[in-house]
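In what follows, a structure is listed as structure tokens, so that the remarks can point back to it.
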Amino acid sequence: MTSLVELIADQPTRTLQPGEVLMVEGETGGDLHVLLLGELAVERGGVVLARLDNPGTLVGEMSVLLGRPATATVRAAREARVRTLKSAAKALEADAVLATRVAALVAARLDATSALLVELSHEHSDVPHQKGLLARIMATLIGAPKPKAGETDLFTVDPALWPRGPM
Amino acid sequence: MAAPTLAELAWSQPLRTLEAGDVLITEGSPGGMLYVLESGRLVVERDGVALATLTEPGALIGEMSVLLGTDNSADVRAIGPSKVREIRDGMAFLQSQPAALLQVATGLATRLDNTSAIVVRLQSEHRDRPEQHSIFTRLAASLLYGGPGDPNAP
């Protein structure tokens, strides 16, 4: 399958110097960035949450897909090079192949997290509280609706169905 | 004009009727098919563990296997009389329906976002319990950035 980097090969690239900002928390940019090389730091409220150094990593896709401001600031941790797709929402509407690749990358993160949750729920099968929390996370990941504000009963999983099978 | 819903876009696809107990998808079977729930109640199970029930009309089933080109990663069966639209070639359907494709992508992003919100909240609530905290930190990193994340993260 053609990679995202190849699909947007005709888009401009930009080199960021260490400390230079790519995206600002709270701002609506609408751009999608793909890391080509170097390292980016993801910060929220001035605290570094993660460092990204895998070429091909997508940045800004949640903001583009959900049509909302960025929830984190992203800056170069050391010199970094990115390729940028401007007004990405429009580009995704017009290009089904591109939209499929972006959707697949989001799906891959959901899938990896889902596998991690199953692993954790087996590891913590003897801690009911912990297992309950993991079950709630899994239900949300699968697509159960978000709990309403102030809702204390978080469980949409039918208690009669959880747990089942070899634990 | 509002964008058509997935249920509307799939209305011309074959309708499949399920009784309680009928299996729609088997874990490990080849993926590639998409289903849209019209009515009823389905349960999703992985490794024999019930993960969620789906009751929302328009809920999409099978999109992960279509997008990732993988086998089905869960069992899905009806726990009440249910109706689904069956789309045999999910990828062809999505590529020919940009509106559906974007809705799928947005739906996946919403799931990721809702899950992140819960995990980040739990991470902060368990700040004083190192073992739990590290579990939520691993999950947050996987959700937010697709990787193990910064081991020194708060």
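The values are calculated or read from the model by the stated rules, or taken from the named source; none is laboratory data. No experiment lies behind these values; they were computed from the predicted model shown. Don't worry about glycine lacking a Cβ; one is built from the backbone with ideal geometry, like all the others, and counts go over all protein chains shown.
Which one of these is crowded, with 20+ Cβ neighbours inside 10 Å, under 30 Å from A:Lys131 (Cβ atoms) and more than 17 Å from the chain's Cα centre (by Cα): B:Leu37, B:Leu18, B:Leu42?
Unique residue meeting the criteria: B:Leu18.
A:Leu65 passes all but one of (1) over 14 Å from the mean Cα position of the chain (by Cα); (2) in a helix (DSSP H, G or I); (3) not acidic (Asp, Glu); which number fails?
(1)
Any idea which of (1) assigned to a helix (DSSP H, G or I); (2) more than 15 Å from the chain's Cα centre (by Cα) is the one A:Val102 doesn't satisfy?
Against the list (1) assigned to a helix (DSSP H, G or I); (2) more than 15 Å from the chain's Cα centre (by Cα), A:Val102 comes up short only on (2).
What's the number of the condition A:Thr71 fails, among (1) among the hydroxyl-bearing types (Ser, Thr, Tyr); (2) in a strand (DSSP E or B); (3) closer than 18 Å to B:Leu143 by Cα?
Unmet for A:Thr71, out of (1) among the hydroxyl-bearing types (Ser, Thr, Tyr); (2) in a strand (DSSP E or B); (3) closer than 18 Å to B:Leu143 by Cα: (2).
Taking the range A:78-97, which residues are closer than 15 Å to A:Thr57 by Cα and either out of contact with any Lys or Arg (no Cβ under 9 Å at 6 or more places or on another chain) or of a type outside the set (Val, Ile, Thr) (or both)?
The answer is A:Ala80, A:Arg81, A:Arg83, A:Leu85.
Looking only at the range B:87-101, which residues are out of contact with any helix residue (DSSP H, G or I) (no Cβ under 6 Å at 6 or more places or on another chain) and under 18 Å from A:Val102 (Cα atoms)?
Once the filter is applied, which keeps residues that are out of contact with any helix residue (DSSP H, G or I) (no Cβ under 6 Å at 6 or more places or on another chain) and under 18 Å from A:Val102 (Cα atoms), the range B:87-101 yields B:Ala92, B:Phe93, B:Ser96, B:Ala99.
Looking at the range A:33-53, can you tell me whether even one residue there is modelled with pLDDT under 95, under 26 Å from A:Val97 (Cα atoms) and assigned to a loop (DSSP other than H, G, I, E, B)?
yes
Kindly indicate the residue of the range A:33-52 that is facing chain B (nearest Cβ under 9 Å) and under 22 Å from A:Arg83 (Cβ atoms) and also surrounded by the most Cβ atoms within 10 Å (Cβ to Cβ) among those meeting that condition.
A:Val42
So B:Arg85 fits all but one of (1) surrounded by 18 or more Cβ atoms within 10 Å (Cβ to Cβ); (2) part of a helix (DSSP H, G or I); what number is the exception?
B:Arg85 satisfies all of (1) surrounded by 18 or more Cβ atoms within 10 Å (Cβ to Cβ); (2) part of a helix (DSSP H, G or I) except (2).
Looking only at the range A:115-144, how many residues end up being more than 7 Å from every other protein chain (Cβ to nearest Cβ) and more than 16 Å from B:Leu122 (Cβ to Cβ)?
Number satisfying all stated conditions: 6.
Based on what the data block shows, is B:Pro4 farther than 12 Å from B:Ser82 by Cβ and exposed (fewer than 14 other Cβ atoms within 10 Å of the Cβ)?
Judged against the criteria, B:Pro4 is not a match.
Exactly one condition in (1) under 25 Å from B:Arg111 (Cα atoms); (2) away from every other protein chain (no Cβ under 14 Å); (3) among the acidic types (Asp, Glu) is not met by A:Glu93; state its number.
(2)
Return the residues of the range A:10-32 that are of a type outside the set (S, T, N, Q), at pLDDT 90 or above and over 16 Å from the mean Cα position of the chain (by Cα); say none if nothing qualifies.
Answer for the range A:10-32, where residues must be of a type outside the set (S, T, N, Q), at pLDDT 90 or above and over 16 Å from the mean Cα position of the chain (by Cα): A:Asp10, A:Pro12, A:Arg14, A:Leu16, A:Pro18, A:Gly19, A:Glu20, A:Val21, A:Leu22, A:Val24, A:Gly26, A:Glu27.
Yes or no: the range A:148-167 includes at least one residue that is at pLDDT below 90, in contact with a His (Cβ under 8 Å, 6 or more places away or on another chain), within 8 Å of chain B (Cβ to nearest Cβ) and outside any strand (DSSP E or B).
Within the range A:148-167, one or more residues are at pLDDT below 90, in contact with a His (Cβ under 8 Å, 6 or more places away or on another chain), within 8 Å of chain B (Cβ to nearest Cβ) and outside any strand (DSSP E or B).
Checking B:Asp47 against (1) within 11 Å of chain A (Cβ to nearest Cβ); (2) on the phi < 0 side of the Ramachandran plot, which test does it fail?
Among (1) within 11 Å of chain A (Cβ to nearest Cβ); (2) on the phi < 0 side of the Ramachandran plot, the lone unmet condition for B:Asp47 is (2).
Tally time: how many residues in the range B:133-154 are at the interface with another protein chain (Cβ under 7 Å from one of its Cβ atoms) and at pLDDT 85 or above?
Of the residues in the range B:133-154, 3 are at the interface with another protein chain (Cβ under 7 Å from one of its Cβ atoms) and at pLDDT 85 or above.
Of everything in the range A:2-16, what is surrounded by 10 or more Cβ atoms within 10 Å (Cβ to Cβ) and part of a loop (DSSP other than H, G, I, E, B)? Give them in sequence order.
A:Thr2, A:Ser3, A:Ile8, A:Ala9, A:Gln11, A:Pro12, listed by residue number.
Here is a list: B:Asp113, B:Asp71, B:Asp75. Which entry is acidic (Asp, Glu) and loosely packed, with under 15 Cβ neighbours inside 10 Å?
Checking each option against the conditions leaves just B:Asp71.
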